[in-house]
Amino acid sequence: MKNRRLVCPLALVSALALAGCGLLPGGGNKTRTVNVWLMRDSVSDDFLQRFTDSFEAEHDGVELNVTIQDWTGIGKKVTEAIEGPGGPDVIEVGNTQVAQYAETDKLYDLTLESVRDLGSEDWLPGLAEPGSIDGAQYGIPWYAASRIVIYNKELFAEAGIEPPKSRDEWLDDTEKLNDGGNQGIYLAGQDWYTLSGFIWDEGGDLAVDKGGVWAGALDTPAALRGMDVYKRLQALGKGPKNADEQNPPQAEVFARGDVAQIIAPPSVVPAITKANPALKDKLGYFPIPGRKAGRPCVVFTGGSDLIIPENAPERGAALDVVKALAGEKWQGELARAMNYVPNKTSLASVVAGQEATATMAAAAARGRATPNSPQWADVEADNPIKPYMTAVLSGEDPQQAARDASEEITDTLAE
């Protein structure tokens, strides 16, 4: 990865020259347009309007032009933009996508700003780590979401059960709930994001970087222990062994009212209550329990980072946009408006009054992201973890199945 550099010759370093390079705001009287790409449904129209009005009022001569992008096909579009002659100034990307864009050597190194202006020491690890490549910060954490346990309070009350504090207690309680025609939990056999959390909680990983060479790691003792936890939990319900959580959508299964728990982000709640309005006041939430009482399980953290391409025409103003969006004021506004987890653990209090989001924030404090390889997206495209899970749940030898899946991961990451 290249070192950070200024694009203006040193001989021209004066206030006027810096303004001409876009490194200082407010140079001249010309209105500067900062082009920003945000993803669909990341923000509400109201939030976007309030942010735009506020930012433009505070930055004389700067105008924001926000374009909403769709996730489908976005990878190719972003790559073309950052490799072109002068694309957008700020781009929202999925937190696990930063590595593939950084591999192009076309992203601006934001390490200085992350330390000096944005308090990077307090960022959620599941957002910060995938934005950091070879010690340089290219992605600035924006917002997060994670999986939690959504449960039916009525079924818990009938069984005399309170939300558990540890994994062993959770497994015991789920077995008690799996009775009388009710499912203790609905857990599809190929929910690999949930499996990832169990593997990480045991000290394992999906893949590891061995001196610059990535290798699959599902066959390590720690990863196999995580798979065993998943198998024990999945058996306490009727989830299919050969499908993921979208087939059928687990929110619809839970909405029937005979399922005590699912593992999902709170974003599924509207689908649950739409399918069964009677459940609206019967939903409860707790973090996925970890091995130790009172310490949540590690979870996969999804969400978005903000990047600035090296070719950004208005880099100075783009930096101001990123600092504002990732700063305390607008982090709080975004979290409250969209039920997101803020990018810092110290900001969790801003969602204290939102039960599901507050639970998600507690879980995200121990969040992780998928392996930080530029080729990880290729692993997910033809995901060998899913058939591996089905094989183990169907009674095949876990060690051999894990070894086979790990070899496939290794081969894909080497391409």
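Here are some residues: A128, A144. Which one is crowded, with 16+ Cβ neighbours inside 10 Å and assigned to a helix (DSSP H, G or I)?
Sole residue among the options that is crowded, with 16+ Cβ neighbours inside 10 Å and assigned to a helix (DSSP H, G or I): A128.
Name the residue, out of A414, A363, that is surrounded by fewer than 19 Cβ atoms within 10 Å (Cβ to Cβ) and of a type in the set (A, V, I, L, M).
A414
If K210 meets every condition in (1) modelled with pLDDT of 95 or more; (2) over 21 Å from the mean Cα position of the chain (by Cα) apart from one, which number is that one?
Only one criterion in (1) modelled with pLDDT of 95 or more; (2) over 21 Å from the mean Cα position of the chain (by Cα) is unmet by K210, namely (1).
Here are some residues: S120, S114. Which one is of a type in the set (S, T, Y) and open to solvent by less than 10 Å² (accessible area, probe 1.4 Å)?
The conditions single out S114.
Tally the residues that are touching a residue at least 12 places away in the same chain (Cβ under 8 Å) and under 17 Å from the mean Cα position of the chain (by Cα), restricting the search to the range 348-378.
Selection size over the range 348-378: 21.
Can you tell me which residues in the range 204-244 are without any contact (Cβ under 8 Å) to a residue 60 or more places away in the chain, open to solvent by 50 Å² or more (accessible area, probe 1.4 Å) and assigned to a helix (DSSP H, G or I)?
P221, R225
Which residue, of A324, A312, A271, A264, is at pLDDT 95 or above and within 26 Å of D172 (Cα to Cα)?
A264
Among the residues of the range 291-310, which ones are outside any strand (DSSP E or B) and crowded, with 19+ Cβ neighbours inside 10 Å?
Matches in the range 291-310: C297, V298, I308.
Keeping to the range 10-51, report how many residues are aliphatic (A, V, I, L, M) and either at pLDDT below 50 or more than 27 Å from the chain's Cα centre (by Cα) (or both).
11
Yes/no matrix, rows are residues, columns are (1) touching a strand residue (DSSP E or B) at 6+ places or on another chain (Cβ under 7 Å); (2) open to solvent by 10 Å² or more (accessible area, probe 1.4 Å); (3) over 30 Å from A57 (Cα atoms):
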| position | (1), (2), (3) |
| --- | --- |
| A324 | no, yes, no |
| G332 | no, no, no |
| Y340 | yes, yes, no |
| A348 | no, yes, no |
| Q354 | no, yes, yes |
| G367 | yes, no, yes |
| W376 | no, no, yes |
| I385 | no, no, yes |
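Could you tell me whether any residue of the range 180-189 is out of contact with any Phe, Trp or Tyr (no Cβ under 9 Å at 6 or more places or on another chain), open to solvent by 10 Å² or more (accessible area, probe 1.4 Å) and either among the β-branched types (V, I, T) or within 29 Å of A377 (Cα to Cα) (or both)?
no
Of the residues K77, K106, which is open to solvent by 10 Å² or more (accessible area, probe 1.4 Å), farther than 15 Å from W376 by Cα and free of Cβ contacts under 8 Å to residues at least 40 places away in the same chain?
K77
If you take the residues of the range 52-93 that are modelled with pLDDT of 95 or more and of a type in the set (G, A, S), which of them is nearest to A326 (Cα to Cα)?
Looking at the filtered set, the residue picked out is S54.
So is D172 open to solvent by 40 Å² or more (accessible area, probe 1.4 Å), out of contact with any strand residue (DSSP E or B) (no Cβ under 8 Å at 6 or more places or on another chain) and either more than 27 Å from Q250 (Cβ to Cβ) or assigned to a strand (DSSP E or B) (or both) or not?
It is false that D172 is open to solvent by 40 Å² or more (accessible area, probe 1.4 Å), out of contact with any strand residue (DSSP E or B) (no Cβ under 8 Å at 6 or more places or on another chain) and either more than 27 Å from Q250 (Cβ to Cβ) or assigned to a strand (DSSP E or B) (or both).
Could you list, in sequence order, the residues of the range 250-290 that are of a type in the set (A, V, I, L, M), in contact with a helix residue (DSSP H, G or I) (Cβ under 8 Å, 6 or more places away or on another chain), open to solvent by less than 40 Å² (accessible area, probe 1.4 Å) and not in a strand (DSSP E or B)?
A251, A255, A260, V268, V269, I272, L279, I288
The values are calculated or read from the model by the stated rules, or taken from the named source; none is laboratory data. As the structure is a computational prediction, the values presented were derived from the model and not from experiment. FYI the Cβ positions are ideal-geometry reconstructions off the backbone, even for glycines, and counts take in every protein chain you see. To get the accessible areas, we keep the full protein, side chains included, count just its heavy atoms, and leave off ligands, DNA and RNA. Shrake-Rupley method; radii C 1.70, N 1.55, O 1.52, S 1.80 Å.
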